[in-house]
Amino acid sequence: MAAPALADTATGAPGPRRRPRRPDARRRDHLVGWLLVAPAVAYFLVFLLYPALSALYYSFTDWDLRTPARWVGLANYADLLFDDVKYPHFWKSVRVTLQYTLIAVPLTLVTALVQALLVNAVRRGSNAFRLLLFLPVVTAEAAVGAIWRWLYDPRYGLVNSVLELFGIPGQNWLNTPELVVPALAFVSAWQCGISMIIYLAGLKGIPTAIIEAATIDGAGPLQRLRRVVMPMLRPTTFYLAVTGVIAALQVFGLVYVIFSGSGRSVTGGPEQSGLTYVLHLYLFAFRYDAMGAACAMSFVLLVLIVIVTALQFRFVRQEAA
């Protein structure tokens, strides 16, 4: 008897085709997408892009916020950089800000790393320590400035009282030109909660197997910190250094609260030793009615931040190479 013929099977036959989406459905998806991003786009256009472009325009004008702006071209930039009579404290504010940055950023990084190492080593109550160390970040700058102005008081301040316990004579921190910037930098290091949390996240990301292997090989705590922990925290340190420099170059609130003066005189402590760049910019904008010059100062600061950040990235690339 002949074998029955096998039915042909279409092994490569395509499955059921999906029906193409209708044009109105695609248009509806696009509309929903634009509606979702519309608030962010509106915020960017109204509160970021438009003020930035307006400030760029007014930086080329002479404007006092009351009368119409008068176009002066590059005169504001030239006067800021080269006219010591018209702007006698401009370069002083640049030097003060750079000095503050050179002290505050390394001090903040070291303080944040030490706090992160201590919190990471705590087995119980670590969340409470994180909260306590993070509180200075969420405290209002006005309150921070008022508290530290009292702490630095030469007669009743707590800082001098603690120093006297160790036989160190107290200092007039906010009225001695040489001590003003270090005193401000110390306050910045006290507010290192965000850097501490980021360092702590970096420490949690280090595999325990690497630490255990280093311990088995005979590495002590300092050797593990130097040879294992710090190299693996290098990306975290670089990120915090870049953001810390950008923030330090724009310091304003704390300095304004501590050294705010009355009248129209230049503030910033004795001999303008605490006159930071943004404080100087604020004074020109809202005390001296020179909004055009203040806008020019803001873009000079932008160029300075870009240059410093580019140098940091270049240094890191050369070190990696």
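Run through segment 209-283 and list the chymotrypsin sites (Phe, Trp or Tyr not before Pro) located in a DSSP loop whose Cβ has at most 15 other Cβ atoms within 10 Å. Qualifying residues, ordered by number: 252.
For segment 75-140 versus segment 269-321, the inter-centroid distance based on Cα atoms is 14 Å.
The phi-based Karplus calculation (6.51 cos²θ - 1.76 cosθ + 1.60; θ = phi - 60°) puts the 3J(HN,Hα) values of segment 268-282 at x, x, x, 6, 6, 6, x, 7, 6, 5, 5, 4, 4, 4, 4 Hz, whole numbers, x for Gly and Pro.
The C-alpha atoms of the chain define a longest principal axis, and helix 177-190 lies at about 30 degrees to it. For the pair residue 307 and residue 62, label points projected 7 Å from Cα toward Cβ lie 2.7 nm apart.
Under 5 Å between amide hydrogens, built in the peptide plane, is the criterion, and for residue 153 it picks out 158 among residues at least 5 positions away or on other chains. Annotation for segment 104-163: trypsin sites (Lys or Arg not before Pro) lying in DSSP loop with at most 14 further Cβ atoms inside 10 Å of their Cβ are 123, 124, 155. Taking the helices alone, the chain has a mean residue ellipticity at 222 nm of -20500 deg cm²/dmol, built from -39,500 (n - 2.57) per DSSP H run of at least 4 residues and averaged over all its residues.
Amide H contacts of residue 61 (H built 1.01 Å from N, in plane; Pro and chain starts excluded): 72 sit under 5 Å, all sequence-distant by 5 or more or on other chains.
Could you tell me what % of all Cα pairs in segment 59-107 have separations over 18 Å? The share of Cα pairs beyond 18 Å in segment 59-107 comes to 51 percent.
Given +1 at the Cβ of Lys and Arg, -1 at the Cβ of Asp and Glu and no other charges, the dipole of the chain around its Cα centre is 1360 debye to the nearest 20.
Helix 141-151 and the longest principal axis of the C-alpha atoms of the chain enclose an angle of approximately 40°. Kirkwood hydrodynamic radius of segment 33-95, from the reciprocal of the average inverse Cα-Cα distance over all distinct pairs: 14.4 Å.
When the trypsin sites (Lys or Arg not before Pro) in segment 25-67 are filtered for DSSP coil states and for at most 10 other beta-carbon atoms within 10 Å of their beta-carbon, the remaining sites are 66. For residue 213 and residue 150, the FRET efficiency from 1/(1 + (r/R0)^6), where r spans their Cβ atoms and R0 equals 45 Å, is about 0.35.
Scalar couplings 3J(HN,Hα) for segment 123-132, obtained by applying the Karplus form with A = 6.51, B = -1.76, C = 1.60 to θ = phi - 60°, are 8, 10, x, 5, 5, 5, 5, 4, 4, 5 Hz; x denotes Gly and Pro.
For segment 139-271, the Kirkwood estimate of the hydrodynamic radius, built from every pair of different alpha carbons, is 17.9 Å.
Since every read-out is calculated from the coordinates, none of them should be taken as a lab result. Only a predicted model underlies this, so the values are computations on that prediction, with no experimental measurement involved. We place every Cβ from the backbone using ideal geometry, glycine too, and count neighbours over all the protein chains shown.
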